[in-house]
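Please read the structure below before turning to the comments.
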Amino acid sequence: MAYKKILTIQDISCVGQCSLTVALPIISACGVETCVLPSAVLSTHTAGFTGYTFRDLTEDMPAIKEHWMKEKIQFNCVYTGYLGSTKQIDYVVDIFEATKSENGLLIVDPAMADNGKLYPGFDEAFVEAMKSLCAKADYIIPNMTEACLLTGIAYQTEYDEAYVQKIITALQDMGCKNIIFTGISYRAGRTGIVVCNDGKQAYYEHEMLPNSCHGTGDIYASAFVGALMRGKTAYDAAGIAADYTVECIKATAEEENHWYGAKFEPVLGKLISALE
Ligand code: PXL
């Protein structure tokens, strides 16, 4: 198996089990060298905590890129999650262009919204910039809220296959290549992922648990990236990541009051086994 090196660009939420504190351990556990570029440092994530600190690291990015270019450092994949500012999106494109290896992939999780709402601190200008990043990406991993914001289609909690297809077509019309569309549920108790890859479309359905946890989007995207870099097909990687995320949510349900994130660590062994 070729040993792959990836760069992930997202924030460090010091406490909160999301973004880099999730991506680094999960992708490393997949057997992939994981380099990091923190987009911002927050004392906690922004969903449920109040009074968090926020240090934007946008202006550190150009010098980091210059140094990596001087050192001829290259990555097989750049995977972005929560980004700290609109300007960062331009820098991400520069970093990808400057450091991608031959056939290097850009994978974008447009982490900016959930449950019909933008996360605190994001605005329309950020959504516009994210549209252009998604159009450059090899894979995007949106949830329903993010896909609606990217396409301008009204967010609905109840929908059918025609509605999902309309969103996918609009994303493809924007230039999005491969789409891993998460959290698509057509019947009670079940949810799944629509995988649009290489002109084909498939659906991976799995159990929907009664409890939901913050940070599962980051867990899912990280496991998908790790599995894809391990040589799995996009469909298999999407399924492995979904099964792992379900295990994380089940592990979290065992403990009362663990509201701010998902317990992804105790079940990492199951992800590793699924890759063998
Ligand atoms: O899980 C996405 C995420 C990442 N980083 C920060 C967040 C969130 C979601 O709320 O607040 C800082």
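The values are calculated or read from the model by the stated rules, or taken from the named source; none is laboratory data. Bear in mind that the values here come from a model prediction, so they are computed numbers and not experimental data. Cβ sites come from the backbone with ideal geometry, for glycine too, and all protein chains shown count toward neighbours. Quick note on the areas: whole protein, heavy atoms, side chains included, nothing else; ligands and nucleic acids left out. Shrake-Rupley method; radii C 1.70, N 1.55, O 1.52, S 1.80 Å.
Which helices, counted as full DSSP H runs in the chain, have an axial Cα extent of no less than 27 Å and a Kyte-Doolittle average of -1.0 or above?
234-253
Over the chain, average the accessible area per residue using a 1.4 Å probe and give it in Å², no decimals.
With all protein chains present, the chain gives 44 Å² per residue.
Where the centroid of each part is defined by its Cα atoms, how far is segment 3-25 from segment 114-173 in Å?
The distance from the Cα centre of segment 3-25 to that of segment 114-173 comes to 22 Å.
Translational diffusion coefficient of segment 1-99 at 10 °C, 1.306 mPa s, Stokes-Einstein with Kirkwood Rh over Cα pairs, in µm²/s as a whole number.
The Stokes-Einstein estimate is 113 µm²/s.
I need the Kirkwood Rh of the chain: take the reciprocal of the average 1/r across all distinct C-alpha pairs and report it in angstrom.
That comes to 18.7 Å for the chain.
Could you size up the charge dipole of the chain around its Cα centre, putting +1 on the beta carbon of Lys and Arg and -1 on that of Asp and Glu, and report it in debye to the nearest 20?
Here the chain has a charge dipole of around 440 debye.
Could you list, bin by bin from short to long, the percent of Cα-Cα pairs of segment 158-249 in 10 Å steps?
Bin by bin from 0 Å, the calculated values are 16, 48, 33, 3.
With charges set only on the Cβ (+1 for Lys and Arg, -1 for Asp and Glu), what does the dipole of segment 1-92 come to about its Cα centre, in debye to the nearest 20?
Using only the charged Cβ atoms, the result is roughly 220 debye.
At a Förster distance of 25 Å, what's the computed FRET efficiency of residue 53 paired with residue 90, Cβ-Cβ distance as r, to 0.05?
0.50
Note down, for segment 193-245, the three equivalent ellipsoid semi-axes (square root of 5 times each alpha carbon gyration tensor eigenvalue), biggest first, whole angstrom.
Equivalent ellipsoid semi-axes, largest first: 20, 14, 8 Å.
Sorted from largest down, give the three principal axis spans of the alpha carbons of segment 218-276, whole angstrom values.
Its Cα atoms span 37, 19, 13 Å along the three principal axes.
Give the total of Lys-Lys pairs in segment 1-128 with Cα-Cα distances below 21 Å; include a pair only if its members are 8 or more places apart or on different chains.
Within segment 1-128, the lysine pair count is 13.
Quick one: divide the alpha-carbon radius of gyration of segment 1-56 by 2.2 N^0.38 Å and tell me what you get.
Dividing the Cα radius of gyration by 2.2 N^0.38 Å gives 1.26.
Considering every Cα-Cα pair within segment 121-170, what fraction, in whole percent, is farther apart than 15 Å?
Of all Cα-Cα pairs in segment 121-170, 45 percent lie more than 15 Å apart.
Ignoring ligands, DNA and RNA, what percent of the 1.4 Å accessible area of segment 38-101 is carbon and sulfur?
Carbon and sulfur: 52 percent of the exposed surface of segment 38-101.
Give the aspartates and glutamates whose C-alpha is closer than 15 Å to that of residue 136, dropping any in the same chain fewer than 8 places away, or say none.
90, 94, 97, 109, 128, 173
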